[in-house]
1. Of a type in the set (D, E, K, R), outside any strand (DSSP E or B), surrounded by fewer than 21 Cβ atoms within 10 Å (Cβ to Cβ) and out of contact with any strand residue (DSSP E or B) (no Cβ under 6 Å at 6 or more places or on another chain) - does that describe any residue in the range 191-201?
2. Which residues, counting only those in the range 578-618, are among the acidic types (Asp, Glu) and in contact (Cβ under 8 Å) with a residue 12 or more places away in the chain?
3. Those residues that are farther than 20 Å from SER653 by Cα, crowded, with 22+ Cβ neighbours inside 10 Å and not charged (D, E, K, R), I need them from the range 150-178; list them, please.
4. Can you name every residue in the range 625-637 that is buried (at least 23 other Cβ atoms within 10 Å of the Cβ) and either assigned to a helix (DSSP H, G or I) or out of contact with any Asp or Glu (no Cβ under 6 Å at 6 or more places or on another chain) (or both)?
5. In the range 389-422, which residue that is assigned to a loop (DSSP other than H, G, I, E, B) and of a type in the set (Gly, Ala, Ser) is modelled with the highest pLDDT?
6. Check ALA645, ALA670 and return the single one that is among the aliphatic types (A, V, I, L, M), in contact with a strand residue (DSSP E or B) (Cβ under 9 Å, 6 or more places away or on another chain) and over 23 Å from ARG269 (Cα atoms).
7. Only one of ARG310, ARG336, ARG296 is outside any helix (DSSP H, G or I) and surrounded by 15 or more Cβ atoms within 10 Å (Cβ to Cβ). Can you tell me which?
8. Which members of the range 421-441 meet the condition of being of a type outside the set (Ser, Thr, Tyr) and open to solvent by 40 Å² or more (accessible area, probe 1.4 Å)?
Amino acid sequence: MVHRVGVRSTASSAREWYLPEPADFAGGGDGAIDDRLSGEGEVMDPVVADELALLARVSAQLVQLPQPRTASEEPIVRELERIRSAMLSGDEHKDLSALTEQWHNQSSILRQLRNAGAAAKVDPRSPYFAHLRLREKGQERDLCLGKATCIERGVRIVDWRDAPISRIFYSYKQGEEFDEEIAGRERIGEVVVRRMLRIQDGRLDRIQAPEGDFQADADAPGGWRRELHAPARLSGGEAVAVRAWAGGEGEARRMGSDHHGLPYRADKRLPEITGLIDPEQFDLITRPSEGVLVVRGTAGSGKTTVALHRIAYLAYDDASIDSDRTLVIVFSAALRNYVAHVLPSLGLEKVRILTYREWAAELRRRHFPRLPTQQREDTPGLIVRMKLHPFLGVALEEQVARVDGGATVDQAVDDWASVLTQRALLEGVCQRMAPGAFSGTELDRFVDYNRRRVDETFAGMAGDEHVPFELDAEDDALLLRAWQLRVGPLQGRGKAPLRLGHVAIDEVQDFSPLEVQVLLGCMQQGSGVTMAGDTQQHVMHHSGFTSWQEFFDHLGVQGTEVETLKISYRSSSEIVDFAQELLGDLREEDEAPLTTRKGPPVEHFAFTDSGACVAFLADVLRDLADHERLASVALLAPSPAVRDAYYEGLAQSDLPRLRLVADQDFTFTAGIEVTEVAQAKGLEFDYVILLDVNAELYPDSPASRRLLHVGATRAIHQLWVTSVGRPSPLLDSLGAR
């Protein structure tokens, strides 16, 4: 079968290069090794001698090449790193929306440069990271892969991201025959040499090849030693999680068993595991239905399991619990899909599971049909943070109390508009409740923004088609709370008061007190609420959550106790220990979580170039796909830009079941999913690889620590960390391979 590989049309002839004719190459093949001796007659391994000779030739030629005059990518890359650092700094006064816009603008410029063929200079300190030797029509030729293209005067280096020929490196192993159509020509040959290299400051110090891994060592014979450790491999994680074998004997017969005899599941959603509930979880599940139960626990400790099974337990005695008056409110659409199939397996047919935004948007449209139905996608970070801050809920209460406007819908809308635009009211409440949280300038910006948005809204309601007719997503909770304070209980279908029998809120630490207040205002007399959360996984820094006690004070449920689950069932002890170490001073004061099993060590792999990292991952993941067909793997990036770059690189490797998750569209089936850390929150995977854990993208800040902690605790069996360039200081205790 011939693979069709297109050529990207660019202005640079170097980018249009596919595979030079034999005469274009200098050296290569057997003639590439000029001297296999080193030191005092020490015999150097042929692989090492070959690579040293190639680097010497390339370095000598690079010195003679003219300097390119085209724009460099480096200033843009540095600016992207600065923006990312600011976004992860944990400084709540940063306008994240503005920073995000800057990130997208700079990323767009970078893509335009690359797509236009802007020639980046080959860095002589690290000119390439991989070496191919191809045999075609009886002749051998050398090709190097780097992050810039240079094809002249004997130098043959191509940008791994753009050159179609790089597909051979990512798709074939050493010794395999290739058959590819490149630039309209069928090329048939053999991969004679396929090696990964590390070149730093112009010196070759590591070679990874099928013949072995070689490390520069001044004390070793010939200045090089062969590494003794086993090659890096992901393995043994297909059936170690509780959810992997919870399907029972029927599921085992349907799906087959692993080499240990345990049944495993192709469906990676959360299973029904009633038979595996421990005594501590059972105690929480069987608590009385009335009142507020708060369950805290480390990642993988069963918080969600407790919340869902508690509903089933209560429904056994009270059939009315299994109705649309019982809600499970979750943080994200991915988490909703992850747990949704558990409820029917517990005998619950009518309980609704929704994201908060879905629930609030549905109700707000029902109660305020004249207001816009569309939501803005570009709300500035400052506006989001202030609309979710607890002080705004108090300001809304004071606005309603001081204005005698009657219990009407129009007055509720007026209350919403007024509280967002009355600077004196906002400043007074803010100084009393949260002094120093927002500056005078930020209050001015907030009021100015809202005055413009409110004017647009009223103009749109009056029929003006020339103004934007949208609301911020955060307005839904504010409007619903204004209704509750001004008009009375929210309405169900048929305009009867909406009365909920039970509500379970998962990942509650990422909801604002005002959002939860709206839910509590819908509870019927004698009903119950289950809140599950973990402050160590708090990633929504706009939500206004600071501590459990302050959270309860804002809700008006003082005296509520937090029950703690102390055993982590999801991850191995090695993963849990590493995840706790990442938190540093953010760790909870009580004892570290307990674990139930051991696993492989957490490993850190450092690279000088992202292309080298992609090649390494492609080899490892291809091997895993061959040995564990039902394994689930998550590659978690710090940002969409990093996510897309790795997905595009790995897509060249023909990896089976490789998927890009850009909008929480997880399939919950076996395969490899590339996404950001934040999108995977609440989910779990057999294997997790944290991508680009670099100093620029993950500085030592509370936000970085929590984000990495969340990413690490998605792993069930094995966790790897990669870095390109300078590793994050948060990895100082973790050695690199």
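The values are calculated or read from the model by the stated rules, or taken from the named source; none is laboratory data. None of the values given here were measured: they were computed from a predicted structure. Positions of Cβ are generated from backbone atoms using ideal geometry, with glycine treated the same way; all protein chains shown enter the neighbour counts. Note: accessible area is taken over every heavy atom of the protein model, side chains too, but ligands, DNA and RNA are not part of it. Shrake-Rupley method; radii C 1.70, N 1.55, O 1.52, S 1.80 Å.
1. Here is the first cut: in the range 191-201, the ones of a type in the set (D, E, K, R) are 194-195, 198, 201.
Then keep just the ones that are outside any strand (DSSP E or B); that gives 201.
The next check asks that each one be surrounded by fewer than 21 Cβ atoms within 10 Å (Cβ to Cβ); those that pass are 201.
The next check asks that each one be out of contact with any strand residue (DSSP E or B) (no Cβ under 6 Å at 6 or more places or on another chain); those that pass are 201.
Looking for residues that are of a type in the set (D, E, K, R), outside any strand (DSSP E or B), surrounded by fewer than 21 Cβ atoms within 10 Å (Cβ to Cβ) and out of contact with any strand residue (DSSP E or B) (no Cβ under 6 Å at 6 or more places or on another chain), one finds at least one in the range 191-201, hence yes.
2. Of the residues in the range 578-618, the ones among the acidic types (Asp, Glu) are 581, 585, 588-591, 603, 609.
Passing the criteria: GLU581, GLU588, ASP590, GLU591, GLU603, ASP609.
3. At the first step, the residues of the range 150-178 found to be farther than 20 Å from SER653 by Cα are 150-156.
Adding the requirement that they be crowded, with 22+ Cβ neighbours inside 10 Å leaves 150, 156.
Result: CYS150, single match.
4. Scanning the range 625-637 gives VAL633, LEU635, LEU636.
5. Going through the range 389-422, the residues assigned to a loop (DSSP other than H, G, I, E, B) turn out to be 389, 403-408, 422.
Next, from what is left, pick out any that are of a type in the set (Gly, Ala, Ser): 405-407.
Details: GLY405: 83, GLY406: 87, ALA407: 91.
Going through the qualifying residues, I end up with ALA407.
6. Values: ALA670 fails: over 23 Å from ARG269 (Cα atoms).
After ruling out the rest, the residue left standing is ALA645.
7. Values: ARG310 fails: outside any helix (DSSP H, G or I); ARG336 fails: outside any helix (DSSP H, G or I).
Just a single option satisfies the conditions, and that option is ARG296.
8. Filtering the range 421-441 for residues of a type outside the set (Ser, Thr, Tyr) gives 422-438, 440.
Hits for the range 421-441 are GLN422, ARG423, ALA424, GLU427, GLN431, ARG432, MET433, PRO435, GLY436.
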